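Engineer: Let me begin by handing over the structure; questions about it come next.
The values are calculated or read from the model by the stated rules, or taken from the named source; none is laboratory data. Nothing here was measured: the structure is a model prediction, and the numbers come from that model. Cβ atoms come from the backbone with ideal geometry, glycine included; neighbour counts cover every protein chain shown. Remember, those area values only see protein heavy atoms, side chains included, never the ligands or the DNA or RNA. Shrake-Rupley method; radii C 1.70, N 1.55, O 1.52, S 1.80 Å.
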Amino acid sequence: MSGTQHAEPAVGTPPASGPQQADGRTARRPLALRLLARPEVGVFLGAVAVYVFFLITAPPVREGSAMANVLYQSSTIGIMALPVALLMIGGEFDLSSGVAVITSALTASMLSYQLTMNVWVGVVVALMVSLGIGFLNGWMVVKTGLPSFLITLGTFLILQGVNLAVTKLVTTNVATDDISDMDGFGQARKVFASSFHIGDVQVKITIVYWLVFAALATWVLLRTRYGNWVFAVGGNKESARAVGVPVTFTKISLFMLVGFGAWFVGMHQLFTFNTVQSGEGVGQELIYISAAVIGGCLLTGGAGSAIGPVFGAFMFGMVQQGIVYAGWNPDWFKAFLGVMLLGAVLINLWVSRTATRR
């Protein structure tokens, strides 16, 4: 018999159970913290708070027709806030998005009226112009390396001046002529500015478009290779390029998406009011960007969602209409928006730090 002692296998007996120190890198965080880490959760809670506030202070909000107006107002902001949010996730800004909406509407209106053509010709040409503006913005940002803030600020000033000058030159007025009696107007209105009824409540078609676009943008971001590219170029474009991401294509296409959004909203405004005021649109770009920021999109890029800006736009629409229904001075609207923006940024910062704290 050998006197050698055989060691027990290391895996033979588990250590005695007792308090153990979990590794912060691998420990599973509580569900509440994991939910708070989602950028859209904070704005959803904020939207609920704003809704409840006006539900109490403005009784008319409780009516179905009032909520339909709130959602309509939100949709006109939200349709543009979606591509703006995607662009911000990709690490860029577009300060020309507000006036680009008016440029699109002016193009379709004046081309159709002055040349006495079917309005669909103007609609198609306006789409090409809007996509061209987006392409030019993206191309200059990629090729020059200048911040998109500077490039699109220049585009903003150019479009603002062109909108006013060309409209006065062509129509001798600051607004376009009424196109409601032109060929194709009825069909175009059905596509861009129609409504339907749910019971006794009239619902604008833009609400449906808004939700469909949001669902599509969410799918693209979370389920497609292009969505991965958007997050990659927003996080670090050089690293993204090193692993084969087509940075130039992604950046330019994001600017063109903003152009598409500007075209769509411009067509809605044109076929809703039959005419366009050339001086409008200034300042709207800040509302679109604010809705995206409130929705959880980081100013530095690389993070955000498509659902968050939906709730951000709803908050804007709720405040804008809620102030009216409450009987308050509408001049307070911008002040409320400023408070909402600062509050959302601070809350998102606190939520992010809380959710990632080990």
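Engineer: Answer yes if at least one residue in region 339-348 is touching a helix residue (DSSP H, G or I) at 6+ places or on another chain (Cβ under 7 Å), modelled with pLDDT under 85, open to solvent by 70 Å² or more (accessible area, probe 1.4 Å) and closer than 16 Å to Gln73 by Cβ, and no otherwise.
Structural biologist: No, that holds for no residue.
Engineer: Tell me which residues, restricted to region 128-181, are in a loop (DSSP other than H, G, I, E, B) and within 21 Å of the chain's Cα centre (by Cα).
Structural biologist: Passing the criteria: only Pro147.
Engineer: Just checking, does region 327-347 include any residue being under 28 Å from Arg189 (Cβ atoms) and in contact (Cβ under 8 Å) with a residue 24 or more places away in the chain?
Structural biologist: no
Engineer: For region 68-86, does any single residue satisfy the condition of being open to solvent by 10 Å² or more (accessible area, probe 1.4 Å), at pLDDT below 95, in a helix (DSSP H, G or I) and over 27 Å from Gly283 (Cα atoms)?
Structural biologist: No: region 68-86 contains no residue that is open to solvent by 10 Å² or more (accessible area, probe 1.4 Å), at pLDDT below 95, in a helix (DSSP H, G or I) and over 27 Å from Gly283 (Cα atoms).
Engineer: Right, another one. Residue by residue through region 127-152, note down the ones that are in contact with a Phe, Trp or Tyr (Cβ under 6 Å, 6 or more places away or on another chain) and either on the phi > 0 side of the Ramachandran plot or among the aliphatic types (A, V, I, L, M) (or both).
Structural biologist: Result: Leu127, single match.
Engineer: Which of the numbered conditions does Leu111 fail, given that it passes all the others? Conditions: (1) open to solvent by less than 50 Å² (accessible area, probe 1.4 Å); (2) in contact (Cβ under 8 Å) with a residue 40 or more places away in the chain.
Structural biologist: Failing condition for Leu111: (2).
Engineer: Do any helices (runs of 4 or more DSSP H) entirely within region 216-311 hold 1 or more residues that are open to solvent by less than 20 Å² (accessible area, probe 1.4 Å), within 20 Å of Trp139 (Cα to Cα) and among the hydrophobic types (A, V, I, L, M, F, W, C), and if so, which?
Structural biologist: So the answer is 225-235, 237-242, 247-273.
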